[in-house]
Amino acid sequence: MEVTLMPVRIVIPVIDESGLDAILSEHFGRAPFFAVFDIDEKGTVVDRKTIPNTSEHFGGTGRPPDRILALKPRVLITYGMGPRALSIFQNAGVAVMRTNSAVVRDAIKAYVNDELEELTEGCHQARHH
C-alpha cells in the first residue's frame, strides 16, 4: 500500500502577486501580501494563491500572525520577525524558516533542498505599534 503524504503548506510574506516570481517582503508583518504554496513530497508546487494582508497594519483587523495561522501553514519562510510573532508561530507548531532569497521560487527551492535554517530568535529591530 502506497502512503501519500499530505502537501506541506508554506506561507511567504511578499510585496506583489506574481506567484513564484514574487519578491519577498523585508518586513514580515507589513508585507502587502502573503503567498501560500502547497508543496508535495517531491517538492512540486501543487497549489498556490496570494492573499492580501488585511491585518491591522493595513487598516483591517487582527495581527499578521493570526491572519497567517488561519491559513493553516506548516512552514513560514521569511527574512525574520519580531520575538512576539515568532513565539506565536512556535506555540502553534509552525516552523519559521529564515531565508536570504529575494524571490519566492528560490526560497521554496532552498526549503525543498533543506538549505534553510529554522528561526529560533526574534529580530529585536522589529517595530511594534
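The values are calculated or read from the model by the stated rules, or taken from the named source; none is laboratory data. Here the structure is a predicted model, which is why all the values come from computation and not from measurement. With ideal geometry, Cβ positions are generated from the backbone for all residues, glycine too; neighbour counts draw on all protein chains shown. Please note that ligands, DNA and RNA were not included when accessible areas were found on the heavy atoms of the full protein model with its side chains. Shrake-Rupley method; radii C 1.70, N 1.55, O 1.52, S 1.80 Å.
Would you tally the residues in the range 1-53 being touching a residue at least 24 places away in the same chain (Cβ under 8 Å) and part of a strand (DSSP E or B)?
Adding up the residues that qualify gives 20.
Checking the structure you have, find out if any residue of the range 47-61 is of a type in the set (A, V, I, L, M), under 16 Å from I15 (Cβ atoms) and open to solvent by less than 60 Å² (accessible area, probe 1.4 Å).
Just the residues of the range 47-61 that are of a type in the set (A, V, I, L, M), to begin with: 51.
From what's left, under 16 Å from I15 (Cβ atoms): 51.
Checking which are open to solvent by less than 60 Å² (accessible area, probe 1.4 Å) leaves us with 51.
So far as the range 47-61 goes, yes, one or more of its residues are of a type in the set (A, V, I, L, M), under 16 Å from I15 (Cβ atoms) and open to solvent by less than 60 Å² (accessible area, probe 1.4 Å).
Give the residue, chosen from P65, P73, that is under 16 Å from M97 (Cβ atoms) and part of a loop (DSSP other than H, G, I, E, B). Walk me through how you get there before you give the answer.
On the way: P65 fails: part of a loop (DSSP other than H, G, I, E, B).
Only one candidate passes the filter, namely P73.
How many of the residues making up the range 18-41 are at pLDDT 90 or above, charged (D, E, K, R) and either over 14 Å from the mean Cα position of the chain (by Cα) or crowded, with 17+ Cβ neighbours inside 10 Å (or both)?
Of the residues in that region, 3 qualify.
If I filter the range 65-93 down to residues being among the hydrophobic types (A, V, I, L, M, F, W, C) and open to solvent by less than 10 Å² (accessible area, probe 1.4 Å), which single residue comes out as farthest from R9 (Cα to Cα)?
If we filter the range 65-93 for residues that are among the hydrophobic types (A, V, I, L, M, F, W, C), which is where we start, we get 68-71, 75-77, 81, 85-86, 88-89, 92.
Filter once more, so that each one left must be open to solvent by less than 10 Å² (accessible area, probe 1.4 Å): 68, 75-77, 81, 86, 89.
Working: I68: 11, V75: 6, L76: 9, I77: 11, M81: 19, L86: 18, F89: 14 Å.
This residue is M81.
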